[in-house]
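Participant: Structure provided below as structure tokens; questions to follow.
The values are calculated or read from the model by the stated rules, or taken from the named source; none is laboratory data. If you're wondering where the values come from, they're calculated on a predicted model, not measured in any experiment. For neighbour counting, all protein chains shown are included, and Cβ atoms are generated from backbone atoms with ideal geometry for every residue, glycine included. Each accessible area value is taken on the protein alone, full model and side chains, heavy atoms only, with ligands, DNA and RNA left out. Shrake-Rupley method; radii C 1.70, N 1.55, O 1.52, S 1.80 Å.
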Amino acid sequence: MREYLLTLCVTAAVTYLLTGPVRKFAIVAGAMPEIRARDVHREPTPRLGGIAMFFGLCAGLLVADHLKNLNEVFARSNEPRALLSGAALIWLIGVLDDKFEIDALIKLGGQMIAAGVMVMQGLTILWLPVPGIGTVSLTQGQSTLLTVALVVVTINAVNFVDGLDGLAAGMVCIAAAAFFMYAYRIWYGYGLEPAAPATLFAAVLMGMCLGFLPHNMHPARIFMGDSGSMLIGLVLAAGAISITGQLDPDSLNLFYGSERATVHQTVPVYIPLLLPLTIIAVPAADLVLAIVRRTWRGQSPFAADRGHLHHRLLEIGHSHSRAVLIMYFWSALIAFGALAYSVNSASLWIVLGIVVLSAVGLILLLLPRFTPRAPRWAEAFVPPRYRRRAVLEPVPAAVTAEEDQPEPGEEPRTPVGAGVSGVNGATAIGGRAQLDRRKTESSR
């Protein structure tokens with residue numbers, strides 16, 4: 001565990017430290033596209049954040065290769081090298097797209113090629129545990145098609161959800177945390193070495209997201225772009241493929257006892273089929289709804305619009321930060337709910353807890369304008385928007401009129417309403433107030 005934590009911290013540190021220079025490079029390179037109709041931000045923001053995330057991935061794998069225990073993962077398996085090869089290819093395609101806006105079909109072809117590169121190096125699904133049937137071995141063609149499909153779906157699901165500041169990185173980090181706990185339990189609890197690569201991939205993925213999030217939280221100073229969203233989607237898919245298709249379910253030795261006991265004991269075998277879907281449940285649902293919506297309108301499934309889940313949260317009244325936190329909540333509930341059920345499927349308290357938390361999530365969705373207020377003793381520890389506003393005493397009109405009177409030789413003052421451009425520099429929809437340099441210089 002110490003080596004996994006060290007790998008995570010190194011990956012996060014390298015990603016965090018490189019994001020600042022990458023931001024300056026993106027500005028110089030002109031990777032600051034104009035604001036589109038579907039965008040939420042109001043100022044041009046540089047992209048190419050995936051460059052820092054890719055080098056963080058390389059640093060994490062390099063450190064893991066030189067550690068005593070994790071070095072066995074590289075010695076016994078070719079999966080880390082397969083991941084690095086596919087990640088380099090998908091990252092290069094993403095960088096070109098962030099700069100030159102390449103066609104969607106070209107990106108789709110690049111995603112399939114990157115998945116094929118990983119398959120050629122051994123990172124593929126060899127068998128599937130099917131409930132009621134057992135372990136089903138796959139032919140080479142079936143294995144390749146299933147692996148490529150899972151990679152492409154995961155990449156595009158993460159790419160589709162990347163629409164708000166910090167949304168994609170935070171959701172993938174939550175998914176990676178749940179996946180790490182599951183893979184580590186299989187590796188350490190059952191002593192199965194084939195689960196070690198997936199555990200390493202999840203730790204590195206958490207480090208990439210945690211290192212990038214401080215720069216990407218609202219208001220974001222840099223976007224990850226397609227170079228980052230496709231990269232973390234590929235790493236997430238690689239971990240799911242590794243633990244689903246490389247780990248033999250029969251090696252868990254759970255098929256014994258009565259039929260009911262066997263069903264409960266074999267839940268960890270079937271969770272690999274469900275966990276890769278639950279950790280991207282929200283992005284995948286957004287992807288399916290987007291395809292159906294665009295096809296129903298007669299548009300291309302790759303045509304961009306403002307109908308994603310995060311856009312709808314903003315339309316019903318949620319703030320930017322609240323919409324992101326709600327998406328975090330549902331991702332964590334689904335991913336960790338599946339994880340808890342895999343640990344103890346017979347516990348009724350887990351089901352009741354999931355139901356209660358789902359009700360809380362629905363209440364948060366239906367109260368977009370509700371602003372929580374902290375108690376008096378905790379106001380010093382929360383942001384100003386959560387503090388109780390002090391009641392101001394009314395000011396006599398005579399005093400206000402006297403203060404508004406201009407002094408001799410001064411121009412009359414014009415009142416400025418709240419929300420008008422020019423108050424405190426700028427607003428969300430207005431430009432910054434322009435100063436007259438002549439008057440400034442003459443006053444000096």
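Participant: Given N residues in segment 1-125, what is its alpha carbon radius of gyration divided by 2.2 N^0.38 Å?
Facilitator: On the way: Rg = 17.1 Å, N = 125, 2.2 N^0.38 = 13.8 Å.
That works out to 1.24 for segment 1-125.
Participant: Okay, next question. Within segment 50-93, what residues put their amide N at less than 20 Å from the label point 7 Å along the Cα-to-Cβ vector of Thr135?
Facilitator: 76-79
Participant: For Trp377 and His218 in the same chain, what is the full-extension length gain: residue separation times 0.36 nm, less their Cα-Cα distance, in nm?
Facilitator: Gain on extension, Trp377 to His218, equals 54.5 nm.
Participant: Take the alpha carbon atoms of segment 109-249, find their radius of gyration, then divide it by 2.2 N^0.38 Å using N residues; give the quotient. Could you put the intermediate results ahead of the total?
Facilitator: On the way: Rg = 15.8 Å, N = 141, 2.2 N^0.38 = 14.4 Å.
Compared with the compact-globule rule of thumb, segment 109-249 sits at 1.10.
Participant: Kirkwood Rh, segment 133-189, all Cα pairs: how many Å?
Facilitator: Numbers: mean 1/r = 0.0718 Å⁻¹.
After inverting the pairwise mean of 1/r, the radius is 13.9 Å.
Participant: What is the percent carbon and sulfur in the accessible area of segment 52-166, measuring with a 1.4 Å probe over the protein chains and ignoring ligands?
Facilitator: On the way: 3480 of 5140 Å².
For segment 52-166, the apolar C and S fraction of the accessible surface comes to 68 percent.
Participant: Apply the Karplus curve 6.51 cos²θ - 1.76 cosθ + 1.60, θ = phi - 60°, to the phi angles in segment 206-214 and return the couplings in whole Hz, x for Gly and Pro.
Facilitator: Listing the rounded values in order: 4, x, 4, 6, 5, x, 8, 4, x Hz.
Participant: Which length gain, in nm to one decimal place, applies between Ile102 and Tyr190 when the Cα-Cα distance is subtracted from 0.36 nm times their residue separation?
Facilitator: 27.1 nm
Participant: List the residues, sorted by chain then number, that are 5 or more residues from Thr135 or on another chain and whose placed amide H is less than 5 Å from its amide H.
Facilitator: Val130
Participant: Multiplying the sequence separation of Met1 and Ile27 by 0.36 nm and subtracting their Cα-Cα distance, what value in nm do you get? All intermediate terms of the calculation are to be shown ahead of the outcome.
Facilitator: Values: separation 26, 0.36 × 26 = 9.36 nm, distance 3.91 nm.
Net length gain for the segment: 5.4 nm.
Participant: Could I ask something else about it? How much area per residue is accessible in segment 63-162 when the probe is 1.4 Å and only protein heavy atoms are counted (Å²)?
Facilitator: Details: 4780 Å² over 100 residues.
So segment 63-162 comes to 48 Å² accessible per residue, rounded to a whole number.
Participant: Another question, if that's okay. Rank by packing, highest mean first: peptides 11-21, 204-214, 70-80, with packing defined as the count of other Cβ atoms within 10 Å averaged across residues.
Facilitator: Numbers: 11-21: 20.4, 204-214: 26.0, 70-80: 17.0.
The packing order, highest mean first, is 204-214, 11-21, 70-80.
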